[in-house]
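Below is one structure, written out as structure tokens, with a few remarks after it.
The values are calculated or read from the model by the stated rules, or taken from the named source; none is laboratory data. Nothing here was measured: the structure is a model prediction, and the numbers come from that model. No Cβ is skipped: glycine too gets one built from the backbone with ideal geometry, and neighbour counts run over all protein chains shown. The area values use the complete protein model at the heavy-atom level, side chains included, leaving out ligands, DNA and RNA. Shrake-Rupley method; radii C 1.70, N 1.55, O 1.52, S 1.80 Å.
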Amino acid sequence: MGKIYLKTDEEIELIRQSSLLVGKTLAEVAKWIEPGVSTKKLDTIAEEFIRDNGAVPGFKGYGGFPATLCASNNEAVVHGIPNDEPLKEGDVISLDCGVILNGFYGDVAYTFEVGEVAQEVHQLLEDTKECLRRAIEQAVVGKRLGDIGYAVQSYAESKGYGVVRELVGHGLGRELHEEPQVPNYGRRGQGMKLVDGMVLAIEPMINLGTRDIIQLNDGWTIVTKDRKPSAHFEHDVAVRNGKADVLSSHEEIEKVLKSKK
Ligand code: MG
Ligand code: MG
């Protein structure tokens with residue numbers, strides 16, 4: 001296992017700025033999400049917004065990824081590449097975005113509804129958000145990584161969902177993916193102890209059907225094996241003064257979504 005870089009208060013404030021910018025970027029993009037718009041268009045909006053704010057897209061070029069957003073619709077779990085396909089009424093689209101600002105990454109994801117979606121899919125999104133909320137509650141001194149994973153897994157599985165295991169949350173800082181890995185499954189009281197200065201990207205990926213996934217031939221897109229929908233929400237969280245300090249925000253996104261109703 002690699003080194004864990006604990007962050008100073010100053011570094012955490014810089015990561016907060018990066019994380020907040022990602023939330024604002026996704027809020028800007030949210031204004032444009034409707035049937036007929038392509039994810040490529042959304043990607044352009046995101047990239048321009050990030051650069052206008054003096055930052056650099058964090059995913060573009062990362063491991064060869066070609067875009068600013070990961071845009072993963074319906075059965076796509078994560079790592080979808082934006083394309084020219086128009087979004088359709090009833091789709092759900094997970095947008096994951098990163099930026100680099102002042103040398104630090106922010107990394108935030110949100111799953112959006114396109115028009116009216118099926119009730120069970122709407123519920124999947126709500127329940128995945130709840131998984132994230134419960135996970136964050138565990139990101140405090142005295143708990144372990146297994147407590148975070150257990151919080152997600154136990155809630156998701158109690159609702160009959162599948163929890164993706166091959167992809168995990170991660171430490172965050174000067175690198176997009178730092179140690180430790182933050183699985184969305186686990187056992188209470190197991191795994192690494194959480195300490196002040198850890199910054200974690202916590203990101204449950206929850207499937208309506210089974211937990212199995214496969215990768216498409218594009219070398220990126222991860223889809224559910226049963227092709228049922230999947231949801232993904234992500235926050236960046238610092239363990240600070242013993243408590244969870246959520247550095248990112250979904251508030252601006254949700255303000256936009258409310259104003260569209
Ligand atoms: Mg992300
Ligand atoms: Mg992440």
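Name the residue that is farthest from Glu130 (Cα to Cα), counting only residues in region 140-167 that are free of Cβ contacts under 8 Å to residues at least 24 places away in the same chain and in contact with a helix residue (DSSP H, G or I) (Cβ under 9 Å, 6 or more places away or on another chain).
Ser154
What about Gly149, is it open to solvent by less than 70 Å² (accessible area, probe 1.4 Å) and over 16 Å from Leu125 (Cα atoms)? In short, yes.
For region 63-94, give me each residue that is in contact with a His (Cβ under 9 Å, 6 or more places away or on another chain) and either away from ligand 1 (no atom under 16 Å from the Cβ) or closer than 22 Å to Gly171 by Cβ (or both). Matches in region 63-94: Phe65, Cys70, Val77, Val78, Val92, Ser94. Being closer than 22 Å to Val117 by Cβ, touching a helix residue (DSSP H, G or I) at 6+ places or on another chain (Cβ under 9 Å) and either open to solvent by 40 Å² or more (accessible area, probe 1.4 Å) or touching a residue at least 24 places away in the same chain (Cβ under 8 Å) (or both) is a property that Ser230 has. Inside region 152-169, can you point out the residues that are crowded, with 22+ Cβ neighbours inside 10 Å and either part of a loop (DSSP other than H, G, I, E, B) or within 16 Å of ligand 1 (Cβ to nearest atom) (or both)? Correct list: Val152, Tyr161, Val164, Gly169. Checking each residue in region 76-134 for being closer than 22 Å to Val199 by Cα and polar (S, T, N, Q) picks out Asn102, Thr128. Residues in region 131-146 that are buried (at least 20 other Cβ atoms within 10 Å of the Cβ) and either over 16 Å from His170 (Cβ atoms) or among the polar types (S, T, N, Q) (or both): Cys131, Gln138, Lys143. Consider Gly191 carefully, then state whether it is surrounded by fewer than 20 Cβ atoms within 10 Å (Cβ to Cβ) and in contact with a Lys or Arg (Cβ under 6 Å, 6 or more places away or on another chain). It is false that Gly191 is surrounded by fewer than 20 Cβ atoms within 10 Å (Cβ to Cβ) and in contact with a Lys or Arg (Cβ under 6 Å, 6 or more places away or on another chain).
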